[in-house]
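All of the numbers you see were taken from the coordinates with simple rules; none came from a lab. If you're wondering where the values come from, they're calculated on a predicted model, not measured in any experiment. Using ideal geometry, Cβ is built from the backbone for each residue, glycine included, and neighbour counts are taken over all protein chains shown.
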């Protein structure tokens, strides 16, 4: 039995070596997995057990989304009133109302039975840049820009073994923002031997291939910040990634606070149980 196991292991090693050699021979044109490069870990204010959102960063992230991303991507699950919610970007209710009024929405029917256009209100969701999916695909060469409401949770590169074991003790929930940042800053020229289809753009951080239909969306000084924050591609990517994380998990701060309180309660409750047990059974011979 022992010899059989050894032979199986040897065969497996040979098979892996052969596969690796074939991939190496083909070059980067045939990667074995995607993304080709793993996203680098970024420093986020909302990381860790006591993490919280940076209000100024969320407001800058909304500005980047509004001026750049919203041209192609919808956020249909986010309403303007959410911008003023506790734990959010920190806009006031009046500011959220003004931001909503900058767009119109079809409503009705009115008293005359006809549909009409009105300014959006805080109760309305962010506007979609396209009327429907077919219109979106027609405007983007057949590609459908995904809704960004939950993208920070839907696009996440798992760390794998053994890192997920450490995540049980110290949760790592920044896979999505790390991936979005890497994707937005990872566009580059295709290496030798890699053919990129026409209308596609090489990006080794893309989770579904080595090229995607979205052209590089960010460039330096594209969005004007009024708080003196550097107007670089890296900063834009960090800010909008943080904003998309908030959109996907708007109650992150409340969840962490509740979890911390629950842990304190369980620790105190456990200590009290231990004390009561010792007191009740103190005079009972063991």
statement: Row for the stretch 50-156, column shape: gyration tensor on C-alpha, a ≥ b ≥ c, rounded if a/c < 1.5 i.e. under 1.5, prolate if a/b over b/c, else oblate; value oblate
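Below 8 Å, C-alpha to C-alpha, sequence gap of six or more: please give me the relative contact order for the stretch 70-139 in percent. Intermediate results must be reported in sequence, preceding the final value.
Numbers: 97 pairs, mean separation 28.0, N = 70.
For the stretch 70-139, the relative contact order is 40 percent.
Set the Förster distance to 41 Å, then compute FRET efficiency between residue 172 and residue 283 from the Cβ-Cβ distance, nearest 0.05.
0.25
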task: For an R0 of 30 angstrom, estimate the FRET efficiency from the Cβ-Cβ distance between residue 222 and residue 114 and round to the nearest 0.05.
output: 0.15
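From the Cα gyration tensor of the chain, with a ≥ b ≥ c the square roots of its eigenvalues, which class applies: rounded if a/c is under 1.5, or else prolate if a/b is larger than b/c, or else oblate? List each step's numbers first, then the result.
Numbers: a/c = 2.26, a/b = 1.10, b/c = 2.05.
Note, shape of the chain comes out oblate.
Please give the calculated 222 nm ellipticity per residue for the chain, where each DSSP H segment of at least 4 residues contributes -39500 (n - 2.57) and the sum is spread over every residue; nearest 500 deg cm²/dmol? Each step should come with its number before you reach the end.
On the way: 9 runs with 121 residues, N = 286.
Taking each H run of at least 4 residues, the total per residue is -13500 deg cm²/dmol.
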query: Taking other Cβ within 10 Å of each residue's Cβ, how do 283, 54, 147 sort, fewest first?
result: 283, 147, 54
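Could you calculate the contour length gain from residue 213 to residue 262, that is, 0.36 nm times the residue separation minus the distance between their Cα atoms, to one decimal place in nm? Each step should come with its number before you reach the end.
Values: separation 49, 0.36 × 49 = 17.64 nm, distance 4.55 nm.
Between residue 213 and residue 262, full extension yields an extra 13.1 nm.
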- line: Least to most buried among 268, 240, 78, by other C-beta atoms within 10 Å and fewest first, runs 268, 78, 240
query: If we count other beta carbons within 10 Å of each Cβ, what is the order of 165, 252, fewest first?
result: 165, 252
message: Defining a contact as two alpha carbons under 8 Å apart and six or more residues distant in sequence, what relative contact order in percent does the stretch 157-234 show?
response: 21
message: Given contacts defined as C-alpha pairs under 8 Å and at least six residues apart, what's the relative contact order of the chain, whole-number percent?
response: 24
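Please give the FRET efficiency for residue 123 paired with residue 231, using the beta carbon to beta carbon distance and R0 = 30 Å, rounded to the nearest 0.05. Numbers along the way, then the final one.
Values: r = 33 Å, r/R0 = 1.11.
So, using R0 = 30 Å, E works out to roughly 0.35.
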- prompt: What shape does the stretch 135-214 have by the C-alpha gyration tensor, where a ≥ b ≥ c are the square roots of the eigenvalues, rounded means a/c under 1.5, and otherwise prolate means a/b greater than b/c and oblate the rest?
  reply: oblate
